[in-house]
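The structure appears below as structure tokens.
The values are calculated or read from the model by the stated rules, or taken from the named source; none is laboratory data. Since we're looking at a predicted model, the values are computed, not measured. So basically every Cβ, Gly included, is an ideal-geometry build from the backbone, and we count neighbours across all protein chains shown. Note: accessible area is taken over every heavy atom of the protein model, side chains too, but ligands, DNA and RNA are not part of it. Shrake-Rupley method; radii C 1.70, N 1.55, O 1.52, S 1.80 Å.
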Amino acid sequence: MRLDKYLSESTDLSRSEARKVLSSGEITINGEVVKRGTHVVQEGDDVRWDDDKLELIGLRYIMLNKPAGYECSLRNSQHLPVMDLIDVDKRDRLHTVGRLDVETTGLILITDDGKWTHRIISPRHRCDKVYLATLAEPLPDNAEELFAAGVLLDGEDKPTLPAVLERVDELSARLTIQEGKYHQVRRMFASLGNHVLALHRERIGSLALNDDLLPGESRYLTDAEVAELAQAESNELD
Ligand code: URA
């Protein structure tokens, strides 16, 4: 990697700021001052800025227990963004893997790996998303069959993909879906004349939200968890 790119990837410097720092002779590689941005950094090189070792920030994969009242989109300024809950460098590079509504709680993944995100959110990859819904009304007897067959949501021209409904008690149910249309879970229950009072995402693919992660807390995924979620690709529809 070119040195100017290495600097902007490993610090908060923009490419043009990195060039200025370089020309002032503040950067050394293996103890030697290097001023040329085009210099190619080799693996194992010791790159320092005024003695501070610079390391590339690799791709990051984070699980957050989203509290209610936080917004996944950056556009709506009425609510605090979920990214405010994540204390990491270069936060502006991160995005959420899909979205949860402001009032929805639970598992949200955050990363800077766009390909990984695509595998998880694309309906073609059949990655399960599991939600626990608290409902205003009891469900009709045939709710499982209706959701398994797919329901036509208001404003859509195709029914939802088959979904699995499991009753937990009279007013709560677990719903597993493999796509993420706008407000999908709330709209699916609305199609039965019901109303979701509270919604919590418990699981994405093989990854369950940790019980010991309090609302607002986050942790990095392990390499095995990252790889296992990416496996959704091998389940791709024809
Ligand atoms: N479906 C919804 O309706 N809301 C969410 O936040 C997630 C899925």
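Odds and ends about this structure:
- If you take all other residues with their beta carbon under 12 Å from the beta carbon of ASN30, and give Lys and Arg +1 and Asp and Glu -1, the sum is -1.
- Extended-chain gain in nm, criterion 0.36 nm per residue less alpha-carbon gap, ASP211 and SER77: 45.2 nm
- Anisotropy class of region 78-124 from Cα gyration tensor, a/c 1.5 cut: oblate
- Whether region 3-53 is rounded, prolate or oblate, judged on the alpha carbon gyration tensor where a/c under 1.5 counts as rounded: rounded
- Each Cα pair under 8 Å and six or more residues apart adds its sequence gap; the mean of these over the residue count of region 1-159 is a relative contact order of 16 percent.
- For LYS66, distant residues with modelled amide H under 5 Å away: GLY106, LEU107, ILE108, GLY216
- Accessible surface calculations at 1.4 Å, restricted to protein heavy atoms, place the chain at 55 Å² per residue.
- Here the accessible area is traced with a 1.4 Å probe on the protein chains. For the chain, carbon and sulfur cover 48 percent of it.
- Each of ILE121, SER191, MET1 was placed along the dipole of the chain (beta-carbon charges, centred on the mean Cα), and the one lying farthest toward the positive end is MET1.
- Phi to ³J(HN,Hα) by Karplus 6.51 cos²θ - 1.76 cosθ + 1.60 over region 170-182, Hz, x for Gly, Pro: 4, 10, 9, 8, 9, 10, 10, 10, 10, 9, x, 5, 3
- Computed over region 61-235: relative contact order in percent, which uses C-alpha pairs under 8 Å that are six or more apart: 30
- Candidate aspartates and glutamates for bridging to LYS20, where Cα separation is under 16 Å - those fewer than 8 sequence places away on the same chain excluded: ASP4, GLU9, ASP12, ASP50
- Model label zone, GLU144; criterion: amide N under 14 Å from point 7 Å along Cα-to-beta-carbon; scope region 154-180: 163-169, 173-176
- Stokes-Einstein diffusion coefficient of region 61-235, Kirkwood radius over Cα pairs, 25 °C, 0.890 mPa s, in µm²/s: 147
- Nitroxide proxy distance, nm - points 7 Å out along Cα→Cβ at ARG91 and LEU171: 3.7
- Relative to the current alpha-carbon distance between LYS53 and LYS35, full extension at 0.36 nm per residue lengthens the span by 4.8 nm.
- For ASP45, the shell of other residues with beta-carbons less than 12 Å away shows a net charge of -2, using +1 for Lys and Arg and -1 for Asp and Glu.
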